[in-house]
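Undergrad: Below is one structure. I have some questions about it.
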Amino acid sequence: LLTSTAATCPLDYDEKQGRMYRLAVTTGDIFLKHGRSGTPHRKFVVVENGRIYWLSLRHRRAMLKRAASYISLNDIKEICIGRTTSVFQRNIFQNPNSSYYFSFKTNERTLDLETSEKSKMELWVKAVSYVQNLEIMGREK
């Protein structure tokens, strides 16, 4: 179990790495999103305007302007690696050892994602933490 508290992640990245992180999350990617009920669904996940959105694959960017499914980067209290949340605990996994799981936790909810690529999970955990810290630093100035 690895847990990363977003607020304590260092910003000691070089400029090139920071650009790579911002590009990764603002371009978006497809993940399997687990929810409180039903089966997991493939969703397009993207960061824009200080929020993480999850969208239908068919509508992606067109839906972003009216999307209600998001969490604010400012509200993320913890980023967890592994199947640690109650949402993950309730789901039965077909191949638990062939996937990578991570969650963005707020006081009100979690965004629970799955991918088959360890590098994609690691990139998103680091990148969201990085852009979240940029948001925090921007508010403090």
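The values are calculated or read from the model by the stated rules, or taken from the named source; none is laboratory data. Note that the structure is predicted; figures quoted are calculated from it, not measured. A quick note on method: Cβ atoms are made from the backbone with ideal geometry, for glycine too, and the neighbour counts reach across all protein chains shown. Keep in mind that these areas ignore ligands, DNA and RNA; they rest on the heavy atoms of the full protein, side chains included. Shrake-Rupley method; radii C 1.70, N 1.55, O 1.52, S 1.80 Å.
Undergrad: Show the residue pairs meeting these rules: Cβ distance below 7 Å; 6+ apart or different chains; first residue within segment 35-49 and closer than 15 Å to F102 by Cβ and open to solvent by 50 Å² or more (accessible area, probe 1.4 Å); second residue assigned to a strand (DSSP E or B) and of a type in the set (K, R).
TA: Listed by first residue and then by second, the contacts come to K43/K33.
Undergrad: Right, here's the next one. Among the candidates R22, R61, single out the residue that is at pLDDT below 85 and farther than 30 Å from Q89 by Cβ.
TA: Going through R22, R61 in turn, the sole match is R61.
Undergrad: Answer yes or no as to whether K105 is open to solvent by 10 Å² or more (accessible area, probe 1.4 Å) and modelled with pLDDT of 95 or more.
TA: yes
Undergrad: Evaluate segment 113-127: report whether one residue or more is of a type in the set (A, V, I, L, M, F, W, C), at pLDDT 90 or above and in a strand (DSSP E or B).
TA: yes
Undergrad: Sticking with this one: Take F88 and decide whether it is at pLDDT 95 or above and farther than 15 Å from T26 by Cα. Working first, answer last.
TA: Numbers: at pLDDT 95 or above: no; farther than 15 Å from T26 by Cα: yes.
No; evaluated as a whole, the condition is false for this residue.
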